[in-house]
Amino acid sequence: MPLTPAQLHKLKRWNTPTIANALEQISRADPLTLVNRDETHDFMPEVGPMVGFAMTLIISGGDPRPKREQPDNFALYREYLASRPGPKIVVVQDLDAPRCHGSIWGEVGANHARALGCVGTITDGAVRDLDEMKSAGFKAIARRLAVSHAHCWPLRWGVDVEVFGTKVRPGQLIHADKHGFIILPPDSQQRLLEAARFMDDNECDTVIPPGSASAGRTTAEILTEMSRAGTRFAANARRKFGRSGEWK
């Protein structure tokens, strides 16, 4: 069943590492296919995480011909953004990366996308008008900043894309923040909040105290307690999910 707006909002309370810890317990998907493999840059970390369904786009900024030859593409791309309910994240593959001649994003694009239910973008290209994008409430995770829009123009949309070394399909649910992004597979979504809460509590109750409350103990005592805590952590996760858990 699809997640409710309340559940999607609650997912924003957790950072991506916590979400990743939870997915390891409840999803059969290969974790290497779910996260960005190349480094991302969150230009608005103070905004916190964003959660949304992928609306995909392919652009290029180095060739002026598409704008002349396909003048209706921007209007058609905006109709695509409006075609499904939010929250949505616009995932943009820049064919010029890592050079990135310019940015398709700026004050105008951010405000328009926000009005169509999009909460932010993940682009392996560039963004600009950063303060104005932030004022629009539109989060930007990108490769770099840019000065110009150059010849950036929508080429294709609603297709599979590859950003930061990871393939993203239209409609996939994504959680993203300053650490990067992670795709939330369908087999995990209904239990994800429960798993995130459990794994966070499990860490706080077992493996964190040996490191944070070590005053007055010998090194041998600390090491012994760390080992015991790890065993308790794994046992708790195994009882809950049938897996051993991971606490590093």
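The values are calculated or read from the model by the stated rules, or taken from the named source; none is laboratory data. These numbers come from a predicted model, not from an experiment. Quick reminder, even Gly has a Cβ in these numbers, built from the backbone with ideal geometry, and neighbours come from all protein chains shown.
A few notes on this one:
- Among all positions in the stretch 22-39, there is no residue which is of a type in the set (Val, Ile, Thr) and closer than 25 Å to ARG128 by Cβ.
- Tally of residues being surrounded by fewer than 19 Cβ atoms within 10 Å (Cβ to Cβ) and in contact (Cβ under 8 Å) with a residue 24 or more places away in the chain across the stretch 104-131: 7
- In this entry, ARG13 passes the filter for residues that are exposed (fewer than 14 other Cβ atoms within 10 Å of the Cβ) and closer than 22 Å to GLU203 by Cβ.
- Residues that are in contact (Cβ under 8 Å) with a residue 40 or more places away in the chain and either assigned to a loop (DSSP other than H, G, I, E, B) or within 16 Å of MET133 (Cβ to Cβ) (or both) within the stretch 92-103 comprise VAL92, LEU95, ALA97, PRO98, CYS100, HIS101, GLY102, SER103, listed in sequence order.
- From ALA115, ALA75, ALA140, residue being modelled with pLDDT of 95 or more, touching a Ser or Thr at 6+ places or on another chain (Cβ under 8 Å) and either under 20 Å from ALA54 (Cα atoms) or among the β-branched types (Val, Ile, Thr) (or both): ALA140
Per-residue answers, yes or no, for (1) in contact with a helix residue (DSSP H, G or I) (Cβ under 9 Å, 6 or more places away or on another chain); (2) not aliphatic (A, V, I, L, M):
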{"residue": "HIS9", "(1), (2)": "no, yes"}
{"residue": "ILE19", "(1), (2)": "yes, no"}
{"residue": "LEU23", "(1), (2)": "yes, no"}
{"residue": "LEU57", "(1), (2)": "yes, no"}
{"residue": "LEU76", "(1), (2)": "no, no"}
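- On inspection, MET199 does not qualify as more than 26 Å from HIS9 (Cα to Cα) and outside the structural domain of ASP42 (by TED's automatic domain parsing).
- Residue among PRO186, PRO209 that is farther than 30 Å from GLU69 by Cα, more than 16 Å from the chain's Cα centre (by Cα) and without any contact (Cβ under 8 Å) to a residue 60 or more places away in the chain: PRO209
- Hey, LEU145 crowded, with 21+ Cβ neighbours inside 10 Å, in contact (Cβ under 8 Å) with a residue 12 or more places away in the chain and out of contact with any Cys (no Cβ under 9 Å at 6 or more places or on another chain) or not: no
Quick grid of which residues meet (1) modelled with pLDDT of 95 or more; (2) within 19 Å of PRO17 (Cα to Cα); (3) not acidic (Asp, Glu):
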| position | (1), (2), (3) |
| --- | --- |
| ARG156 | yes, no, yes |
| HIS179 | yes, yes, yes |
| GLN189 | no, yes, yes |
| GLY216 | no, no, yes |
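- For the stretch 1-18, a tally of residues being in a loop (DSSP other than H, G, I, E, B) and more than 12 Å from ILE182 (Cα to Cα) returns 7.
- Failed item, numbered, when SER214 is tested on (1) out of contact with any strand residue (DSSP E or B) (no Cβ under 7 Å at 6 or more places or on another chain); (2) of a type outside the set (D, E, K, R); (3) in a helix (DSSP H, G or I): (3)
- Within the stretch 1-48, the residues that satisfy the criterion of being of a type in the set (Lys, Arg) and within 30 Å of ALA136 (Cα to Cα) are LYS10, LYS12, ARG13, ARG37.
- Residue, surrounded by the most Cβ atoms within 10 Å (Cβ to Cβ), within the stretch 42-79, restricted to residues that are under 21 Å from the mean Cα position of the chain (by Cα) and assigned to a helix (DSSP H, G or I): VAL47
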